[in-house]
Amino acid sequence: MITLNNNFLRLQKNYLFVDIAKRVEQYKKENPQASIIRLGIGDVTRPLAPAVIQALHAAVDEQAEAGTFRGYGPEQGYEFLRQAIVDNVFKPRGVEIDVDEVFINDGAKSDTGNFGDILGGCNTVLITDPVYPVYIDTNVMAGRAGTFGEGRWDRITYAPCTAENNFTPSLPTGEAPDMIYLCYPNNPTGTVLCREELQKWVDYALENGSLILYDAAYAAYIRHDDIPRSIYEIPGAKRCAVEFHSYSKTAGFTGLRCGFTVVPNEVCAMSAEGEMVQLNPLWNRRQCTKFNGTPYIVQRAAAAIYTPEGKRQVQDTIDYYMENARIMREALTERGLQVFGGEDAPYIWFRVPEGQTSWGYWEELLHKYNIVSTPGVGFGPSGEGYIRLTAFGSREDCVEAMRRLK
Ligand code: PLP
């Protein structure tokens, strides 16, 4: 009889966005005249940059001619994009990355999840809390999470990030976790980690033989020059970290789908025989077996963001969203709320008024002001008492929502 991977039955139902949609629908039914503004879901709203559109058109035309047609591409991605990443993302920050260490993918969600394929099923895991849920669920699927009870998995270490510790996770004090997920700029809190704090994690991983899985999906939103855009700006990180990037929020590719993962040649993990084995060739093998590459036209589109006009246009869109973030920060602060994030990230995270819960205040925002947000508790136990707003809406919606709140 065919049997299941029973770990899938252990997954907790993630009702967050379904639950939000249901409550909003219900409210709309009861209040059909309400003009609802959605600042909840983290999808972008601005169109792709003209340079990206041009590159897409040109690549489509290439596919129409036998002489320039492309079929299967390299599983790791085309050299033109991998080289552009090395030259434009890492070199300007003083980071030496080899082209062979860059793997193009169809977005960061896939690889943050898939990377566990090449890591041992018994590894222990640390996440920061609140967290992007993919890190947890993919480890539940792999059987690394243990048992769920009272809002937590017993084999996962939760590093709380709240206003009390300035959203700076503490190093674990007990047995060292094998896999450490860090995401900066952070979704959902919109906060960042300074160089010194990140150095502590790198030193800890090196001392304890842990692997850091660093999600830099929002790196393009960092404005303060002293905040690292990549973990590889930190000495030692190339020996203990893999890094995930995404074009989704960087350049509006949430629908187009492209990103990349960096697996430095120095990063190793121990085999069952006690040998240290490089992860780069294993990841390459995994990709060549299970992935047939990102579409050529999409990789051409991604490469266009590194042209001078592409860079300018993409930056204009990021500036647009970050101006939304500034407007929201200012309005919420004026309202007397304690506001975090939104300076180096497109997310605003604020504390709900004293005595309220995430869901309670979420309801108030919907019923009183017709604003859809996301309750912080949906991202983990330490998110209770907070609300997340995204800066990815239109300027008009953002200004109108803040006018209502003021
Ligand atoms: N990582 C984080 C922290 C995210 O918030 C998201 C998307 O919301 C992703 C990864 C997924 O990005 P992609 O669209 O490239 O799959």
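Do we find a residue being closer than 28 Å to Leu211 by Cα, open to solvent by 40 Å² or more (accessible area, probe 1.4 Å) and not in a helix (DSSP H, G or I) anywhere in region 282-297? Within region 282-297, one or more residues are closer than 28 Å to Leu211 by Cα, open to solvent by 40 Å² or more (accessible area, probe 1.4 Å) and not in a helix (DSSP H, G or I).
One residue is enough: does region 139-158 have a residue meeting the conditions of a type in the set (Lys, Arg), within 13 Å of the ligand (Cβ to nearest atom) and either in a loop (DSSP other than H, G, I, E, B) or within 19 Å of the chain's Cα centre (by Cα) (or both)? Within region 139-158 (the criterion being of a type in the set (Lys, Arg), within 13 Å of the ligand (Cβ to nearest atom) and either in a loop (DSSP other than H, G, I, E, B) or within 19 Å of the chain's Cα centre (by Cα) (or both)), the answer is no, since none of the residues qualifies. Set side by side, the residues Val89, Val95 differ, and just one is among the β-branched types (Val, Ile, Thr) and touching a helix residue (DSSP H, G or I) at 6+ places or on another chain (Cβ under 6 Å), which is Val95.
So that you can scan it fast, the table gives a plain yes or no per residue for (1) surrounded by 24 or more Cβ atoms within 10 Å (Cβ to Cβ); (2) over 22 Å from Pro133 (Cα atoms):
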| position | (1), (2) |
| --- | --- |
| Thr189 | yes, no |
| Gln199 | no, yes |
| Asn208 | no, yes |
| Tyr218 | yes, no |
| Glu233 | no, yes |
| Ala237 | yes, yes |
| Cys240 | yes, yes |
| Ser248 | no, no |
| Ala251 | yes, yes |
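Yes or no: Arg329 closer than 20 Å to Ile222 by Cβ, basic (Lys, Arg) and either more than 24 Å from the chain's Cα centre (by Cα) or open to solvent by 10 Å² or more (accessible area, probe 1.4 Å) (or both)? So Arg329 fits the description; yes. Going by what's in this entry, would Thr250 be described as farther than 18 Å from Met179 by Cα, within 14 Å of the ligand (Cβ to nearest atom) and in contact (Cβ under 8 Å) with a residue 40 or more places away in the chain? Criteria met by Thr250. Per this entry, Gly255 is counted among residues that are within 11 Å of the ligand (Cβ to nearest atom) and either over 30 Å from Ala49 (Cβ atoms) or of a type in the set (Gly, Ala, Ser) (or both). For Ala217, the criteria (1) under 14 Å from the mean Cα position of the chain (by Cα); (2) away from the ligand (no atom under 16 Å from the Cβ) hold in every case but one, which is (2). Tell me whether region 124-133 contains one or more residues that are away from the ligand (no atom under 16 Å from the Cβ) and open to solvent by 30 Å² or more (accessible area, probe 1.4 Å). For region 124-133, residues away from the ligand (no atom under 16 Å from the Cβ) and open to solvent by 30 Å² or more (accessible area, probe 1.4 Å): present.
Would you confirm, using the coordinates I've provided, whether Pro172 is closer than 18 Å to Arg388 by Cβ and either open to solvent by 20 Å² or more (accessible area, probe 1.4 Å) or away from the ligand (no atom under 16 Å from the Cβ) (or both)? Here the answer is no, as Pro172 does not meet what is asked. Cβ-Cβ distances below 6 Å connect the following pairs, each with a first residue in region 296-314 that is assigned by TED's automatic domain parsing to the domain that holds Ala220, a second residue that is among the charged types (D, E, K, R) and surrounded by fewer than 22 Cβ atoms within 10 Å (Cβ to Cβ), and a separation of six or more residues or different chains: Tyr296/Arg70. Looking only at region 105-123, residues that are out of contact with any helix residue (DSSP H, G or I) (no Cβ under 8 Å at 6 or more places or on another chain), of a type in the set (S, T, N, Q) and within 14 Å of the ligand (Cβ to nearest atom) come to 1 in all.
For region 20-53: of the residues being among the charged types (D, E, K, R) and either open to solvent by less than 50 Å² (accessible area, probe 1.4 Å) or not in a helix (DSSP H, G or I) (or both), which is farthest from Ile136 (Cα to Cα)? The qualifying residue farthest from Ile136 (Cα to Cα) is Arg46.
No other residue among Pro264, Pro353, Pro346 is under 29 Å from Arg403 (Cα atoms), more than 15 Å from the ligand (Cβ to nearest atom) and in contact with a helix residue (DSSP H, G or I) (Cβ under 8 Å, 6 or more places away or on another chain) apart from Pro353.
The values are calculated or read from the model by the stated rules, or taken from the named source; none is laboratory data. Remember, predicted model here, so these are calculated numbers, not experimental data. For neighbour counting, all protein chains shown are included, and Cβ atoms are generated from backbone atoms with ideal geometry for every residue, glycine included. Accessible surface areas use protein heavy atoms only, side chains included; no ligands, DNA or RNA. Shrake-Rupley method; radii C 1.70, N 1.55, O 1.52, S 1.80 Å.
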